[in-house]
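Undergrad: Have a look at the structure that comes next, please.
Coordinate-derived values only; no laboratory data. Everything quoted here is computed from the prediction, not taken from an experiment. Please note: Cβ atoms are built from the backbone with ideal geometry, for glycine as well, and neighbour counts cover all protein chains shown.
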Amino acid sequence: MKLIGKTLLLIGATSDIGRATALTYAQAGWDVHLVGRARERVQREADDIGARTGKAIMVHELDILDTGRFEAFLSEVLPLPDTAVCVIGELGEQARAEREMEHAAMVMRTNFEGPALLMGLLAERFAARGSGTLVGISSVAGDRGRASNYVYGAAKAGLTAFLSGLRNRLSKAGVRVLTVKPGFVRTRMTVGLKLPPLLTAEPQEVANVIFAMAEGGKGPDVAYVRRIWRPLMAVIRSLPEPIFKRLRL
Ligand SMILES: NC(=O)c1ccc[n+]([C@@H]2O[C@H](COP(=O)([O-])OP(=O)(O)OC[C@H]3O[C@@H](n4cnc5c(N)ncnc54)[C@H](OP(=O)(O)O)[C@@H]3O)[C@@H](O)[C@H]2O)c1
């Protein structure tokens, strides 16, 4: 068992990307706190990672919509982690979000309000200590609103902007704030979707990018997982609205 005396807080432990990320950190010798909304399922992940790495994995229950519990939750997570990665998200159904305001609100709150408020609280604690790395998982969907998923995309755009502002404010306080835009990833979230192989990453690829950005010293603050997304999204962002509104993307 590797011992390096560093601690990861992984928020969204039952996600495919979260599971791969937690395992990557534990294999590198980190202690890991796993967080999810269903303790039993989080415990199963903890048992699996513990068995594979020999590390003691701590388990916490938190629903990201339960913002009133965030302060109490953070006081449970001791010591204050060195790195926190929040992967919680919910794609939802665009057509349903157009009809049902409650569904739209759940998608917005799960992808933006909850993760942003929780990472904001963590950032204050990191700033008070003078160190810490925060990683938020946003999306290419937040780079430009598209007909097919603009409720999810708008929430991710909010998260991207929030993380950008936090980074801008705290870069001199010893706090690193990183944004990862995975592009398509083969996970539970995209089951049943026809994904183009060139644009589609595996959860482990995302985990590797997160670990390299967060723990590899200097590097970009914002990254797409597969590099091809950068020029592709530059083109999509630059299309004039009169052309863009005629496309079905
Ligand atoms: N897959 C992709 O193509 C893709 C592309 C771009 C960005 N992303 C982003 O990557 C992140 C990870 O997604 P994934 O692909 O790994 O999907 P996933 O396996 O469906 O993971 C989603 C995670 O969010 C958690 N979650 C949802 N609502 C929650 C709530 N109210 N409280 C606590 N946890 C909640 C889920 O918990 P439960 O297990 O309890 O449901 C699950 O752990 C998300 O932020 C997603 O938006 C994914």
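Undergrad: Exposure proxy check: 229, 30 ranked by fewest other beta carbons within 10 Å?
TA: Exposure proxy ranking, most exposed first: 229, 30.
Undergrad: Can you give the calculated 222 nm mean residue ellipticity of the chain, where each DSSP H run of n ≥ 4 adds -39,500 (n - 2.57) and the sum is split over every residue, rounded to the nearest 500 deg cm²/dmol?
TA: -13500 deg cm²/dmol
Undergrad: For segment 161-181 and segment 42-60, what is the separation of their Cα centres, given in Å?
TA: One Cα centre to the other: 29 Å.
Undergrad: Sticking with this structure for a sec: Using the count of nearby Cβ atoms within 10 Å as a rough guide to exposure, how do 47, 31 rank from fewest to most? Mind showing how you got there, number by number?
TA: Working: 47 12, 31 20.
Ordered by Cβ neighbours within 10 Å, fewest first: 47, 31.
Undergrad: A follow-up question, please. Using modelled amide H (1.01 Å from N, peptide plane; none on Pro or chain starts), what sits under 5 Å from the amide H of residue 178, excluding residues fewer than 5 places away?
TA: Under 5 Å from the amide H of residue 178 lie the amide H atoms of 134, 135, 136, each far enough along the sequence or on another chain.
Undergrad: Counting Lys and Arg as +1 and Asp and Glu as -1, what is the net charge of the other residues whose Cβ lies under 11 Å from the Cβ of residue 230?
TA: The answer is +3.
Undergrad: Using modelled backbone amide H atoms (1.01 Å from N, in-plane), which distant-in-sequence or interchain residues come within less than 5 Å of residue 59's amide H?
TA: 34
Undergrad: Starting with the fewest neighbours, write out 122, 91 ranked by other beta-carbon atoms found within 10 Å of each beta-carbon.
TA: Ordered by Cβ neighbours within 10 Å, fewest first: 91, 122.
Undergrad: Also: When N is the residue count of segment 7-244, what does its C-alpha Rg come to as a fraction of 2.2 N^0.38 Å?
TA: Working: Rg = 17.3 Å, N = 238, 2.2 N^0.38 = 17.6 Å.
Taking the Cα Rg and dividing by 2.2 N^0.38 Å, one obtains 0.98.
Undergrad: If you don't mind, there's one more thing I want to ask. Sort 124-132, 190-198 by packing, meaning the average of other beta carbons within 10 Å per residue, with the highest value first. Spell out each step's value before the answer.
TA: Details: 124-132: 15.6, 190-198: 8.7.
Result, highest mean Cβ count within 10 Å first: 124-132, 190-198.
Undergrad: Under a straight-distance cross-link criterion of Cα-Cα below 17 Å, which lysines are reachable from residue 181, leaving out those fewer than 8 residues away in the same chain?
TA: Of all the lysines, those that pass the test against residue 181 - Cα under 17 Å, at least 8 places apart if same chain - are 156.
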